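Q: I have a structure here, written as structure tokens, and I will follow up with some questions on it.
The values are calculated or read from the model by the stated rules, or taken from the named source; none is laboratory data. What you are looking at is a predicted structure, and each value in this text was computed from that prediction instead of being measured. Quick note on the areas: whole protein, heavy atoms, side chains included, nothing else; ligands and nucleic acids left out. Shrake-Rupley method; radii C 1.70, N 1.55, O 1.52, S 1.80 Å.
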Amino acid sequence: MISKNALPSQVAIVVPVYNEEAVVDAFHQRLRRVIDVLPVTFSIIYVNDGSTDGTQVALEAIAQADPRVVVVELSRNFGHQAALTAGLDQVEAEWVISMDGDGEHPPELIPEMLALATQGYEVVLAQRQEPQQAGWFKRWTSEAFYYLINRIASTPIPPGVSDFRLLHRRALEALRQMREYHRFLRGMVAWAGFRTVILPYAPTPRLGGHSHYSLQKMLRLAFNAIFSFSLVPLYLGISLGGVFLFLALLEALYVLSFWLTGRQASLAPGWSSLMFVLLFVGGSLMIMLGIIGLYVGYIFQEVKQRPIYFIRRMVTFSSDAESKHDPHAPTTPD
């Protein structure tokens, strides 16, 4: 049993939510059952990522009943990674746990995370050991993504690791220094390189509703990861160009051999093969120009230096249940 003095003294929990009106109260009650028995001072930061249902009302009711809760309401839906960043920017505790509020990240894992923190680790990553409660397509694309990113990027990212993690203040401050617009936090945490341990876990079913991570959002996250952590697509274009130059040289030598041996009459027009080569080369060039265009687009969005998110308001309540709505809450990250 870990003694009270060995545990972290202050821990913040950051939970981004989007249209989770039906499950957020059940999640909070489940979270309370875990943290209320721990000899640690907790604060809970819910980030409402522009929900269009009654999520904000439900969060404010939770905050009124639990003075440890702070609700950060964003001005619109900025995406999961931006919402998570907004919550991390508000943390003042020594340690921070980030997790989803749909129940698939079990709060029951928190005591084990804190126990690992006492062993000198600065980052504790929760890693799924069983398939997600999703269809085969999502599982297959997830496995394919981690296979690809770990072979083209210089920063290894363990498969099955999402945004369910524990960070020490040192790792959090390092993460705060990375203000890129296209964010892939699990890659950024891995790139920072602090002392890390993997904590396996079995995901639990969602408390209700369905996942809001559509195929479009998953593809956007995958593109952010690939184009933010790897230059391999550009090297691929250079390699393909070198291959075609080599093939062109071979073709030139082949045709020259007919002229040197006086067999130029044997050269067939070769219209079909010529069209094949033209189409193949043209298609390859279009693909590579598209990849270059994506990199240029990412650069364009980064150099504008727009804020990652905007905060509409922050809501918290004192112990005497008097509402505190801070109209001067920062609208941009520090």
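Q: So between VAL281 and LYS304, what do we pick up on full extension, going 0.36 nm a residue minus the alpha carbon distance? Could you put the intermediate results ahead of the total?
A: Numbers: separation 23, 0.36 × 23 = 8.28 nm, distance 3.46 nm.
Contour length minus the Cα-Cα distance gives 4.8 nm.
Q: Then there's this: Which length gain, in nm to one decimal place, applies between TYR147 and GLU173 when the Cα-Cα distance is subtracted from 0.36 nm times their residue separation? Please report the intermediate quantities before stating the final value.
A: Numbers: separation 26, 0.36 × 26 = 9.36 nm, distance 2.92 nm.
Between TYR147 and GLU173, full extension yields an extra 6.4 nm.
Q: Please compute the contact order of the stretch 19-123 in relative form: average sequence separation of alpha-carbon pairs under 8 Å and at least six residues apart, divided by the residue count, as a percent.
A: The normalised contact order for the stretch 19-123 reaches 32 percent.
Q: Compare VAL57, VAL40 by solvent-accessible area with a 1.4 Å probe and give them largest first, with all protein chains kept in place. Don't skip to the end; give the middle numbers.
A: Numbers: VAL57 110, VAL40 20 Å².
Largest accessible area first, the residues go VAL57, VAL40.
Q: Students sometimes get this wrong: rank THR55, THR41, THR196, THR204 by accessible area, probe 1.4 Å, all chains present, largest first. Don't skip to the answer; put the middle values down first.
A: Working: THR55 0, THR41 85, THR196 65, THR204 35 Å².
The residues order as THR41, THR196, THR204, THR55, largest area first.
Q: Over the stretch 40-83, what is the relative contact order in percent, taking alpha-carbon pairs closer than 8 angstrom and at least six residues apart? If you can, show how the numbers build up before the last one.
A: On the way: 53 pairs, mean separation 22.9, N = 44.
The value is 52 percent.
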